[in-house]
Amino acid sequence: MFHKIIKKYENFEYDNFFKNVTLENIKQIIRKSGEKNLSDLEFLSLLSPKADDLLEEMAIKSNEITKRNFGKEMHLYAPIYISNICDNECTYCGFKKSNVIKRRHLSLEEIEIEAKYISENLGIHSIILLTGESNVNSIEYIKNSIEILKKYFATVIIEIQPLDIVDYETLVEAGLDGVTVYQECYEENLYGKYHLKGKKSDYFYRLDTPERAAIADIRNVNIGALFGLGNVKKEAFLAGIHGKYLMDKFLNTEFSISIPRIKEAYQNIKLENILSDREFVQILLAYRISFPTLGINISTRENGEFRDNLIPLGVTKFSAGSVTEVGGYCISKNTTPQFETSDHRSVEEIVSMLKEKDYQPVFKNWEGI
């Protein structure tokens, strides 16, 4: 289990390590990279303050690695929120239980209306189903929702509460292709500060979720830290070695990582650890150079200009036309969104931008069996 590995870094002296990293160390790491995953400490060296002086060299290497492993393709997807009812009390989330917001739980008929609209009007073939983490969103409800979505989309991914292996297996039988689960905060001593009540307060159960998903033969698993909670360098490092651990253990599963920054949400906490744009780029480059075949996902949390500039640096997945409120595509727009998006461009505008950059937009990467 990954918690045995993360335990090794519980008292790790990051600052002392960074002091001993040299520019020549980093240059050697960049030169040797490209074929295999780097070691933990080689990866950490690329996250060091000194590596900031070598971002241009890192960007060139990252672009080479990306084109070699992924070509010039960009996989597009969109989210569909079907419920914002949540039993958790997460201090940073607009859906947290204590927030007095407009709640909605779509019926299966309403889900089909939204799905049909997205399919016919956005042209998207890859969809992420999102809910709050609540017992209201039962396995049967999620299973039925997936069966509806598979009528309209080639790829269905869920971002819901963590599940047991047997539940994931049930959803795979219904057509599920992928799971997204963010640890949010990898530093165990901080995790309880942000997750006060509900099942999400169980740090270790959440940490082991990607493994349970892979054991259940989920085709794609996406992980990540929510930047703004813990120390930026530590969170980026721990999320990265989590991805490395999973790739090494589950060779038949496609793994990807996201770099989400906390966005404004109703009754949200104030950030304590700001991730700057430059640090964001450094983390993205470190991920790509250290883990050549790891997918990297950038969502509409980031503004359009910034997202566009990230494309040659290692990004493989891109959300488009996103709506973050329940039933927000065509049923109603009277619920509170989970967070505010920053890139409001349509799918057509995203596709046009990609083609101008000589990238091929990909709407689906496999057909369900």
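The values are calculated or read from the model by the stated rules, or taken from the named source; none is laboratory data. Bear in mind the structure is a predicted one, so any value in this text is a computation, not a measurement. Positions of Cβ are backbone-derived with ideal geometry, glycine not excepted, and every protein chain shown enters the neighbour counts.
Here's the yes/no breakdown for (1) modelled with pLDDT of 90 or more; (2) under 25 Å from ILE85 (Cβ atoms); (3) under 19 Å from the mean Cα position of the chain (by Cα):
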residue: LEU271; (1), (2), (3): no, no, no
residue: ARG288; (1), (2), (3): yes, no, yes
residue: PRO312; (1), (2), (3): yes, no, yes
residue: THR336; (1), (2), (3): no, yes, no
residue: MET353; (1), (2), (3): yes, no, no
residue: ILE369; (1), (2), (3): no, no, no
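How do the pairs read when you match residues in the range 92-107 that are over 27 Å from ALA225 (Cβ atoms) with residues anywhere that are modelled with pLDDT of 90 or more and among the aromatic types (Phe, Trp, Tyr), using Cβ under 9 Å and keeping only pairs 6 or more apart or on different chains?
These pairs meet every condition: ARG104/TYR81; HIS105/TYR141; LEU106/TYR81.
Going through ILE160, ILE85 one at a time, which residue ends up being under 17 Å from LYS200 (Cα atoms), in contact with a His (Cβ under 6 Å, 6 or more places away or on another chain) and touching a residue at least 24 places away in the same chain (Cβ under 8 Å)?
Just one listed residue meets the conditions, ILE85.
ILE124 fails exactly one of the following numbered conditions: (1) touching a residue at least 60 places away in the same chain (Cβ under 8 Å); (2) in contact with a helix residue (DSSP H, G or I) (Cβ under 9 Å, 6 or more places away or on another chain); (3) farther than 27 Å from ARG261 by Cβ. What is the number of that condition?
So the condition that ILE124 fails would be (3).
Specify the residue that is surrounded by the fewest Cβ atoms within 10 Å (Cβ to Cβ); the eligible residues are those in the range 10-35 that are at pLDDT below 95 and not charged (D, E, K, R).
ASN11
Give the residues of the range 214-251 that are touching a Lys or Arg at 6+ places or on another chain (Cβ under 7 Å) and of a type outside the set (Gly, Ala, Ser), sorted by residue number. Let's see the steps before the verdict.
So the first thing to find is which residues in the range 214-251 are touching a Lys or Arg at 6+ places or on another chain (Cβ under 7 Å), and the list is 227-228.
The answer is PHE227, and nothing else.
Could you tell me whether the range 53-70 includes any residue that is modelled with pLDDT under 95 and either under 18 Å from TYR287 (Cα atoms) or not in a helix (DSSP H, G or I) (or both)?
Looking through the range 53-70, none of the residues is modelled with pLDDT under 95 and either under 18 Å from TYR287 (Cα atoms) or not in a helix (DSSP H, G or I) (or both).
Would you mind stating whether ILE128 is within 25 Å of VAL347 (Cβ to Cβ), surrounded by 20 or more Cβ atoms within 10 Å (Cβ to Cβ) and at pLDDT below 95?
On the way: within 25 Å of VAL347 (Cβ to Cβ): yes; surrounded by 20 or more Cβ atoms within 10 Å (Cβ to Cβ): yes; at pLDDT below 95: no.
No; evaluated as a whole, the condition is false for this residue.
With respect to LEU38, determine if the residue is in a loop (DSSP other than H, G, I, E, B) and either over 20 Å from the mean Cα position of the chain (by Cα) or at pLDDT 95 or above (or both).
Judged against the criteria, LEU38 is a match.
Show the residue pairs that are 6+ apart or on different chains and have beta-carbon atoms under 9 Å apart, the first residue being within the range 212-227 and over 27 Å from LEU275 (Cα atoms) and among the acidic types (Asp, Glu), the second being modelled with pLDDT of 95 or more and crowded, with 22+ Cβ neighbours inside 10 Å.
ASP217/TYR168
Conditions tested, residue by residue: (1) in contact with a Ser or Thr (Cβ under 8 Å, 6 or more places away or on another chain); (2) among the charged types (D, E, K, R); (3) crowded, with 21+ Cβ neighbours inside 10 Å.
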{"site": "ALA239", "(1), (2), (3)": "no, no, yes"}
{"site": "LEU251", "(1), (2), (3)": "no, no, no"}
{"site": "GLU254", "(1), (2), (3)": "no, yes, no"}
{"site": "ILE262", "(1), (2), (3)": "no, no, yes"}
{"site": "VAL281", "(1), (2), (3)": "no, no, yes"}
{"site": "TYR287", "(1), (2), (3)": "no, no, yes"}
{"site": "GLY295", "(1), (2), (3)": "yes, no, yes"}
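Of all the helices (runs of 4 or more DSSP H) wholly in the range 137-211, which have at least 3 residues that are in contact with a helix residue (DSSP H, G or I) (Cβ under 8 Å, 6 or more places away or on another chain) and either modelled with pLDDT under 95 or surrounded by fewer than 21 Cβ atoms within 10 Å (Cβ to Cβ) (or both)? Step through it out loud before you land on a result.
Details: elements: 139-149, 165-174, 188-194, 203-207.
Because the criterion is at least 3 residues that are in contact with a helix residue (DSSP H, G or I) (Cβ under 8 Å, 6 or more places away or on another chain) and either modelled with pLDDT under 95 or surrounded by fewer than 21 Cβ atoms within 10 Å (Cβ to Cβ) (or both), the helices (runs of 4 or more DSSP H) in the range 137-211 that meet it are 139-149, 165-174, 203-207.
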